[in-house]
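What follows is one structure encoded as structure tokens, with my remarks underneath.
Bear in mind these aren't lab numbers, they're just calculated from the coordinates by the rules spelled out. This one's a predicted model, so the numbers in the text were calculated from it and none came from an experiment. So basically every Cβ, Gly included, is an ideal-geometry build from the backbone, and we count neighbours across all protein chains shown.
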Amino acid sequence: GWGTEAGLTCNHQSTMPLPGSAAGASTADAAADAAADAGWKLPVWLDGNPYFTAGFGLGVMATALTAARAGGKAGLVMLQRQLLVTLEVTSKDRAYPWVLQWLTAQARTGSGFGQHNSVDTITRRLANGKLETKFEFSPCPGRHVLRYRNQFLMVDRVREQQTVDLHTGQPWECVKLTAFGRSRDLFTAFLNEAQDFAETKTELTTTVYTNWGTEWRPFGEPRRRRPLHSVVLDDGVAEHVLRDVREFVDSTKWYVDRGIPYRRGYLMHGAPGCGKSSFVAALAGELGYDICILNLSENGLTDDRLAHALSTTPAQSLVLLEDVDAAFVQRDPNDRRSSHVTFSGLLNALDGVAAGEERILFMTTNHLQRLDAALIRPGRVDVIHHIGPA
């Protein structure tokens, strides 16, 4: 049996073509024919070489061609890195809506995006009860090319259907901008122009933010700014608060030089319906600020969430805590739906070690006598005004 297996092995090996044999010659002819079809000829010193025709040379050539292709790809990547500059703006970045609004304006004029657009339907209810519908067009996912400041700019809008926002269900998106050159000045100018364009659209409105989980999100459409004179207060109250806020905004260096936390607190107290919250809304419109509303009685609100929310408020916004006297009433400890903010947690969130800075906070209450003295001391509440009947 061993001899038979050995014989089979020998017979099997004997079927391999040997250099110089007829089979080897046919292989060489096939290689020569393929080379001729490709438009090039084998060198004279390779033509008829027994080792090359046996397949060793062809393997070396294939390996060399593969290495050349990989080297070409690597060289192309290096060339792109040297000649192109890329900017990625994700949907989590604050500049993302600015970029989309600017691109939407370009799509409206038809410059650079052709006929490939996505539609965003906006419905607004008018004062007479009718619905007004508008259609905003933006570049659809994919690649687009436009001309910006005499340079070609490639816009690649990417949408990941597998990755979504757990709060809104919206897919994760990003916009990639690619331009020739190595300087980022073009992107800086682009982002500044997009920001200016977005601000011109919202310069006469006030955006109201509410806290969702770990971030602030706009609540509904931006509201028209309310004139400050539309809220009737006692003489000098509105003027004093407005002057104090502006002085605080212009005193950043004064706080930094003295190591004082850069934040300011205001308390408006008085009977219900006298204009405490309305005054804050009108003040935000006068300053060009937005409003961040935080309800201490919100279901599921904890000390950690409160501290995080107060330290991550959007820029140029007023934080409004309404009815702080009703936040610490007796609750059922077994009710999991209720808020679990403690009084000490509120104090630490206002001016604790981890409290955020660059913040303007307004609190309202109907019963000043119910507030603890630790809550309204200077540093947590710096200005107190009574808002009485008009």
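Computed quantities for the displayed model
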read-out	value
Note, ³J(HN,Hα) from phi for the range 222-237, Karplus 6.51, -1.76, 1.60, rounded to Hz, x at Gly and Pro	x, 9, 5, 5, 8, x, 5, 6, 6, 9, 8, 10, 4, 4, x, 5
Bins of 10 Å, starting at 0 and running to the largest distance - Cα pair percent for the range 179-337	8, 28, 34, 20, 7, 2, 0
Protection proxy ranking of 130-139, 299-308 - average other beta-carbon atoms within 10 Å, highest first	299-308, 130-139
Against the rule of thumb 2.2 N^0.38 Å, how large the Cα Rg of the range 183-263 comes out	1.55
Tensor-based shape of the range 195-237 (alpha-carbon gyration tensor, a/c under 1.5 rounded, otherwise prolate or oblate)	oblate
Other-chain or far-sequence residues with amide H under 5 Å of Y262's (modelled H)	E358
